[in-house]
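The values are calculated or read from the model by the stated rules, or taken from the named source; none is laboratory data. Treat the numbers as computed from the prediction; the structure is a model and nothing was measured. Heads up, the Cβs are rebuilt from the backbone with ideal geometry, glycines too, and the neighbour counts pull from every protein chain shown. All accessible areas refer to the heavy atoms of the entire protein, side chains included, with ligands and DNA or RNA removed. Shrake-Rupley method; radii C 1.70, N 1.55, O 1.52, S 1.80 Å.
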Amino acid sequence: MELNRNVRKYEDTVIMKLAIMQPYFVPYIGYWQLMNAVDKYVVYDDVNYINRGWINRNRIVVNGEIKYFNVPIIGASQNKKINEIYINHDKRQIDKNLRMLELSYKKAPFFEPVYTLMKNIMYSDKQKLSEYLFDSLKSINEYIGIETELLLSSSIKKDNSLKGQSKIIEICKLLGASEYYNAIGGKALYSQDDFKIENIKLSFLETEYIEYTQGGKDFIPWLSIVDVMMFNSAESVNEMLTHYKLV
């Protein structure tokens, strides 16, 4: 049997690690650690949008204060799926966001490449929020060296009447996952026994505290990956992806 490059074989057992998460806009480093830790990563775009969550916004530092940095969208509603929401391609709003980045990080050591990366992301011509975010994840992956295969959940033929854990387990089975990784924040949502019945090992990824020279008086943790990339080389960010434990 020929093995896909995204799975590994130990003795006679094929190991395929999978994670599933909603698409977020330039999320904190733990999101990227989860993505980097698995062989395939499903971007969960056919679930409901969450108002005031992380799907279309994140946090950066402006003049020493935390500010929200967002993707302008049209018709946001928790009654709509993420892949049913559209981008607002208002050039004035995009330029305003880019000016915020410039104001915040123009003196950062890696401003030029990261600003160019973000400018390309924000001027994407994608119409749907899910596609816009999917492309942004791929672009940042390329920059920091993550090679995990990404899939949109809406592209997977599955029983969409299933909810919660049952739907996650079905996706795992459809994709042939032997291990499922989830962020530690979802630990209460899943049952080790239910995954074990399906011969799937369940693990939770817990990010270690990561500190770096940020340019301000006091270090502010858990900001957008944009902040991390502005102050650290792509190689250093890639090394940070290993700073976690599985529980």
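Among residues of the stretch 35-48 that are without any contact (Cβ under 8 Å) to a residue 60 or more places away in the chain, those with a Cβ under 9 angstrom from a residue that is of a type in the set (Lys, Arg) and assigned to a loop (DSSP other than H, G, I, E, B), sequence gap 6+ or separate chain, pair up as Asn48/Lys80.
In the set (1) modelled with pLDDT of 95 or more; (2) surrounded by fewer than 16 Cβ atoms within 10 Å (Cβ to Cβ), Lys91 fails one condition alone, (1). For Tyr123, the conditions (1) surrounded by fewer than 18 Cβ atoms within 10 Å (Cβ to Cβ); (2) farther than 28 Å from Ser233 by Cα all hold with the exception of (2).
Note on the stretch 91-129: among residues that are touching a helix residue (DSSP H, G or I) at 6+ places or on another chain (Cβ under 8 Å) and β-branched (Val, Ile, Thr), the one that is nearest to Gly216 (Cα to Cα) is Val114. Checked against the criteria, Val62 counts as touching a helix residue (DSSP H, G or I) at 6+ places or on another chain (Cβ under 7 Å) and modelled with pLDDT under 95. Tell me yes or no: at least one residue of the stretch 160-177 is modelled with pLDDT under 95, part of a loop (DSSP other than H, G, I, E, B) and either among the hydroxyl-bearing types (Ser, Thr, Tyr) or surrounded by 15 or more Cβ atoms within 10 Å (Cβ to Cβ) (or both). Within the stretch 160-177, one or more residues are modelled with pLDDT under 95, part of a loop (DSSP other than H, G, I, E, B) and either among the hydroxyl-bearing types (Ser, Thr, Tyr) or surrounded by 15 or more Cβ atoms within 10 Å (Cβ to Cβ) (or both).
If you go through the stretch 198-213 and keep only what is in contact with a helix residue (DSSP H, G or I) (Cβ under 8 Å, 6 or more places away or on another chain) and open to solvent by 100 Å² or more (accessible area, probe 1.4 Å), you end up with Lys201, Thr213. Ser130 meets each of the listed conditions (1) in a loop (DSSP other than H, G, I, E, B); (2) in contact with a strand residue (DSSP E or B) (Cβ under 9 Å, 6 or more places away or on another chain) apart from (1).
Residue pairs, Cβ under 9 Å, 6 or more apart or interchain, first in the stretch 12-34 and of a type in the set (Lys, Arg), second not in a strand (DSSP E or B). List them. Filtered contacts from the stretch 12-34: Lys17/Val7; Lys17/Ala37; Lys17/Val38; Lys17/Asp39; Lys17/Ala177; Lys17/Ser178. If only residues of the stretch 236-247 that are of a type in the set (A, V, I, L, M, F, W, C) and part of a loop (DSSP other than H, G, I, E, B) are counted, the one that is surrounded by the fewest Cβ atoms within 10 Å (Cβ to Cβ) is Val247. When Ser233 is tested against (1) hydroxyl-bearing (Ser, Thr, Tyr); (2) under 24 Å from Asn70 (Cα atoms); (3) crowded, with 16+ Cβ neighbours inside 10 Å, only condition (3) is not met. Does Lys217 fit the bill of being outside any strand (DSSP E or B), at pLDDT below 95, among the charged types (D, E, K, R) and more than 16 Å from Leu246 (Cα to Cα)? Answer is yes for this residue. Here is a check on your reading of the model: is Phe195 among the hydrophobic types (A, V, I, L, M, F, W, C), over 17 Å from Tyr41 (Cβ atoms), open to solvent by less than 60 Å² (accessible area, probe 1.4 Å) and in a helix (DSSP H, G or I)? Considered against the rule, which asks whether it is among the hydrophobic types (A, V, I, L, M, F, W, C), over 17 Å from Tyr41 (Cβ atoms), open to solvent by less than 60 Å² (accessible area, probe 1.4 Å) and in a helix (DSSP H, G or I), Phe195 comes out as yes. Among the numbered conditions (1) part of a helix (DSSP H, G or I); (2) at pLDDT 95 or above; (3) farther than 29 Å from Leu18 by Cβ, the only one that Tyr143 does not meet is (3). Within this structure, Ile184 passes the test of being touching a Phe, Trp or Tyr at 6+ places or on another chain (Cβ under 9 Å), open to solvent by 30 Å² or more (accessible area, probe 1.4 Å) and in contact (Cβ under 8 Å) with a residue 24 or more places away in the chain. Within the stretch 49-88, the set of residues being polar (S, T, N, Q) and open to solvent by less than 70 Å² (accessible area, probe 1.4 Å) comprises Asn56, Asn58, Asn70, Ser77, Asn83, Asn88.
In this structure, does Ala188 turn out to be modelled with pLDDT of 95 or more and of a type outside the set (Phe, Trp, Tyr)?
no
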